[in-house]
């Protein structure tokens, strides 16, 4: 075997430039080994895999599987327990995770054993994180999630993997994804016996050379147990023989596949098979502020790209490109041989005077990448495209955004709006208003009519200025037509403002605030209706108490359940702990809340928020950098708090909030969720940046 | 009344009758309404719903009527595991902490999430947890009927047999399923089974005998007073949905086996009240239509009825037939028949055989045998004095008030 392997490696290394894909490797290996069928090749690969296992030596020098992610959910232990038991789940049977974990949870005490899940599939990471977080909350014990990346953990590599996964002073057990009763080598069925077995002397399945006394591992062959990952569809054809008609041979061929994978890794690691650089150019956009934005994907683990050259200027643009990791498209084991895929982006000050770029790489002739068109870049389209690559649930999402994707998106400023404002005053303006109500309108004009009907006989509105900001050109005509009649009928004067476009929630409020004449502002959504007259006075009184920066009210759904009673920032497990705005008690009947009082709260919603105009302007108003609209209110609250103010909630003041639901299709709901993801990340970034930082 | 003196009972159901009219949903609402009339108790209903238009972003609860909450939730059909565990660990946990109920009475865990039992244990640690078992769902993945896909009656569940019955999953999955469900059932203080038969099946499955009590799902009082049935009986009737497990083919075959001349001479009729066979595929619907057409004179399909119309239809019946080919737990139709003084002829298995006492308030026939059913129908008509004796033997079923009193005793609270 050994001389033959060396001959093969020698041959492959000389032909390495031709080897771009696993398919090339397969073809070359077949040719060099004198094999005529895939079946023979797989058998060869299998023998190779067996030799790796038998040799016991580290088959991939320097390549230990690394824990890409290791997170503990649930309460922290005062002292780490002496044993860590990780259940290795190689497949993607999400449905089995919960019963499996519960079975082990019931058998092993938390103070003795830290339980966890060891997965090698990135696609399992999101669902697994959610499961562990929920189970940790239900059982009130810590549960760990380890995502192994790099290479497939063959038996020979387990010692290295174990060393990386084991905490200090901990014994580590790795078990295959089975309930405790069915794991071979664990005779014990009762929890106490099981614990004694784990604490006792080493009892192992198979030979695991290289483990020290503390790092025992129990490992069962996932192939034999039928839990190995399915080959991904896009590799199906070269391995077509390993289909169901092979019956009992399928596991052997699967092992053969693994052998070939390992061979590929081996060649890379020995440096005999440099990974080819791959770079694609996907999109070119014209930036609103001038210049352009070019994006694409790149895979260049061995840094073979030398230059991305503009033929017009001769400049190498590659050093100026930003890069960010992209989620792997398939199971991690396939991503490894050629390296991870990354996104790249280039932002120029002026539009490039060329219709293509030269890609220069080591030992290859330069390649021409044509650049076609340069449409104006709407920020939303760019965001849709760049964020569209992301899964909707993955604990690594913040890392990907931090890694450059988020910063790339921040390059796109909000769409510029027309400075011309259409300003219409209906009825005489109040001479010296005490408070200005700023109410943006979008989608529905009838809310304005409902509000005016309720404001008509409410003396609280007597000294107030009403400003409706029409943020939807489709509403302008109907409002202009109805407004005089509403003014006459309801006896309330109001001002409408419009820029003739949809500029977004934040910009609409900022426009209203800029035109407001009162020293205090009440930001109000158009679908918020006071429960009874007299609601404004207590809010104004509360704003006058010492140190108060802003005041909110209790908002209810139409069935008297809570919509808003103060807000907190809560980590979102689907999104790796990014903070989302959470409304405690949302959906509960109001009578389950404590007796109404004026309370200090961490955050308030912008649906009904009273504050001083000077404070609002001092912090720059609502931040216009979010996509569509999210988090402007919580960020405003944080900025007010940074200035020393506190937020108060008047629970005795009740308004109804008919919080509109998204009526879009599933596709647009997903897009909206990705926008919220970016906004959540952006809110975290902006909260730590000094005010007035460049947009 | 001060809140300290009031005991809160939270009744959990997998649906609200205003959206889905199942037996368990109705039982949960009836229990809620009965508790409303009990001094010293404040009932809350938590019913799961699946109306997409009622879902609000970020809010998993809403209120349908006073203290009747709707919960947005869904479970997988195998483990009854909540698809979104965070609803239970966040929203329901919050509700439980605020309510601090003295009792949480589950009328089902399907669709709600079986993990809610643990959430109750954690967030309302003083609450007594009761669970009404409405069928064999925890034991049997085959619609909880313990009726094998081959059509045979099933006696017990085991990973190997369940795998053989439903081969899509390896036996290990069924082992995991049982362990998983049992891990939550271990937290329940008292199980309530509407029949001793159902209780027996759950004891075989491993529930401790001292925890499972037999309490009938009593019904609210009925107002209709019907004239007594004719003796011997002339008018037989079936009430209920037409499903593959209800034995309608068997019943029409038995009717066909009775000599036509004798049926005519005695002036006999058999009315089928109910429908729903279209929902089980066209093959089954056609079989039913053929069987009905072949049954012969005196047999007719009277169609569907509303629950309120049942008494009116019972007026036109002297005997109620329950020919089911599966076990049945505690069929509501038997309670209805007895409430109106009608004896019942049923198969000699499971919950129906327990509720109908052979020779006292009804007659048993050998389950799944058309010949035995035909002979039993004939005996009911021909044996002098038999039917009058059975009519005299019928006792009114327990009402909801009795059920409530028994449940309250079962909760084991110091009252």
For this session: Would you tally the residues in the stretch B:56-68 being at the interface with chain A (Cβ under 7 Å from one of its Cβ atoms) and outside any loop (DSSP other than H, G, I, E, B)?
Result: 5
Problem set entry | Enumeration of residues in the stretch B:50-73 that are closer than 29 Å to residue A:96 by Cβ and buried (at least 22 other Cβ atoms within 10 Å of the Cβ) | B:60, B:71, B:73
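If you go through the stretch A:101-129, how many residues are at the interface with chain B (Cβ under 9 Å from one of its Cβ atoms) and surrounded by fewer than 22 Cβ atoms within 10 Å (Cβ to Cβ)?
Final tally of qualifying residues: 3.
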Exercise. Being in contact with a strand residue (DSSP E or B) (Cβ under 7 Å, 6 or more places away or on another chain) and more than 30 Å from residue B:173 (Cβ to Cβ), is that true of even one residue in the stretch B:74-96?
Worked result: yes
For this session: Working carefully through the options B:251, B:270, find the one that is within 16 Å of residue B:346 (Cβ to Cβ), part of a strand (DSSP E or B) and touching a helix residue (DSSP H, G or I) at 6+ places or on another chain (Cβ under 9 Å).
Result: B:270
Exercise. Which residues, taken from the stretch B:113-138, are assigned to a loop (DSSP other than H, G, I, E, B), within 14 Å of chain A (Cβ to nearest Cβ) and crowded, with 20+ Cβ neighbours inside 10 Å?
Worked result: B:113, B:114, B:115, B:124, B:138
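Quick check, is residue B:208 surrounded by fewer than 16 Cβ atoms within 10 Å (Cβ to Cβ) and more than 11 Å from every other protein chain (Cβ to nearest Cβ)?
When the stated conditions are applied, residue B:208 passes them.
A quick yes/no check of all residues on (1) modelled with pLDDT of 95 or more; (2) part of a loop (DSSP other than H, G, I, E, B); (3) within 19 Å of residue B:109 (Cα to Cα); (4) over 23 Å from the mean Cα position of the chain (by Cα):
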{"position": "B:140", "(1), (2), (3), (4)": "yes, yes, yes, no"}
{"position": "B:157", "(1), (2), (3), (4)": "no, yes, no, no"}
{"position": "B:163", "(1), (2), (3), (4)": "no, no, no, yes"}
{"position": "B:167", "(1), (2), (3), (4)": "no, yes, no, yes"}
{"position": "B:201", "(1), (2), (3), (4)": "yes, no, yes, no"}
{"position": "B:213", "(1), (2), (3), (4)": "yes, no, yes, no"}
For this session: Pull up the stretch B:194-205, narrow it to residues that are buried (at least 20 other Cβ atoms within 10 Å of the Cβ) and touching a helix residue (DSSP H, G or I) at 6+ places or on another chain (Cβ under 8 Å), then point me to the one that is nearest to the other protein chains (Cβ to nearest Cβ).
Result: B:198
For this session: Output the number of the condition that residue B:344 fails; it satisfies all remaining conditions of (1) surrounded by fewer than 17 Cβ atoms within 10 Å (Cβ to Cβ); (2) in contact with a helix residue (DSSP H, G or I) (Cβ under 7 Å, 6 or more places away or on another chain); (3) at pLDDT 95 or above.
Result: (1)
For this session: Specify the residue that is nearest to the other protein chains (Cβ to nearest Cβ); the eligible residues are those in the stretch B:180-193 that are touching a strand residue (DSSP E or B) at 6+ places or on another chain (Cβ under 7 Å) and either part of a loop (DSSP other than H, G, I, E, B) or more than 24 Å from residue B:29 (Cα to Cα) (or both).
Result: B:187
Problem set entry | Index of the failed condition, residue A:500 passing every other in (1) part of a helix (DSSP H, G or I); (2) in contact with a helix residue (DSSP H, G or I) (Cβ under 6 Å, 6 or more places away or on another chain); (3) more than 21 Å from residue A:528 (Cβ to Cβ) | (1)
Exercise. With respect to the numbered conditions (1) over 27 Å from the mean Cα position of the chain (by Cα); (2) within 24 Å of residue A:132 (Cβ to Cβ); (3) within 9 Å of chain A (Cβ to nearest Cβ); (4) surrounded by fewer than 23 Cβ atoms within 10 Å (Cβ to Cβ), which one is the sole condition not fulfilled by residue B:76?
Worked result: (1)
Problem set entry | Extreme residue, surrounded by the fewest Cβ atoms within 10 Å (Cβ to Cβ), among residues of the stretch B:87-112 that are in a loop (DSSP other than H, G, I, E, B) and more than 11 Å from chain A (Cβ to nearest Cβ) | B:102
Exercise. Does the stretch B:383-393 contain any residue that is buried (at least 20 other Cβ atoms within 10 Å of the Cβ), modelled with pLDDT of 95 or more and farther than 30 Å from residue B:43 by Cα?
Worked result: yes
For this session: Given the conditions (1) outside any loop (DSSP other than H, G, I, E, B); (2) within 14 Å of chain A (Cβ to nearest Cβ); (3) under 23 Å from residue B:128 (Cα atoms); (4) in contact (Cβ under 8 Å) with a residue 24 or more places away in the chain, report the number of the one that residue B:177 does not fulfil.
Result: (3)
Exercise. If we scan the stretch A:167-184, do we find a residue that is modelled with pLDDT of 75 or more, within 14 Å of another protein chain (Cβ to nearest Cβ) and in a loop (DSSP other than H, G, I, E, B)?
Worked result: no
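Which ones in the stretch A:446-475 are in a loop (DSSP other than H, G, I, E, B) and buried (at least 20 other Cβ atoms within 10 Å of the Cβ)?
Correct list: A:471 only.
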For this session: Select from the stretch B:36-45 the residues that are surrounded by fewer than 17 Cβ atoms within 10 Å (Cβ to Cβ) and in contact with a helix residue (DSSP H, G or I) (Cβ under 8 Å, 6 or more places away or on another chain) and list them in ascending order.
Result: B:38
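Kindly check whether there is at least one residue in the stretch A:541-552 that is under 30 Å from residue A:400 (Cβ atoms) and surrounded by fewer than 19 Cβ atoms within 10 Å (Cβ to Cβ).
Scanning the stretch A:541-552 turns up no residue that is under 30 Å from residue A:400 (Cβ atoms) and surrounded by fewer than 19 Cβ atoms within 10 Å (Cβ to Cβ).
Taking the stretch B:73-86, which residues are part of a strand (DSSP E or B) and touching a helix residue (DSSP H, G or I) at 6+ places or on another chain (Cβ under 7 Å)?
Residue satisfying the conditions is B:82 alone.
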For this session: With the checklist (1) within 14 Å of chain A (Cβ to nearest Cβ); (2) in contact (Cβ under 8 Å) with a residue 12 or more places away in the chain; (3) in a strand (DSSP E or B); (4) touching a helix residue (DSSP H, G or I) at 6+ places or on another chain (Cβ under 8 Å) in hand, flag the one item residue B:48 doesn't pass.
Result: (4)
Exercise. Considering only the stretch A:553-571, how many residues are more than 24 Å from residue B:42 (Cα to Cα) and either facing chain B (nearest Cβ under 8 Å) or surrounded by fewer than 19 Cβ atoms within 10 Å (Cβ to Cβ) (or both)?
Worked result: 4
Exercise. What do you reckon, is residue B:19 touching a helix residue (DSSP H, G or I) at 6+ places or on another chain (Cβ under 8 Å), part of a loop (DSSP other than H, G, I, E, B) and more than 9 Å from every other protein chain (Cβ to nearest Cβ)?
Worked result: no
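The values are calculated or read from the model by the stated rules, or taken from the named source; none is laboratory data. As the structure is a computational prediction, the values presented were derived from the model and not from experiment. With ideal geometry, Cβ positions are generated from the backbone for all residues, glycine too; neighbour counts draw on all protein chains shown.
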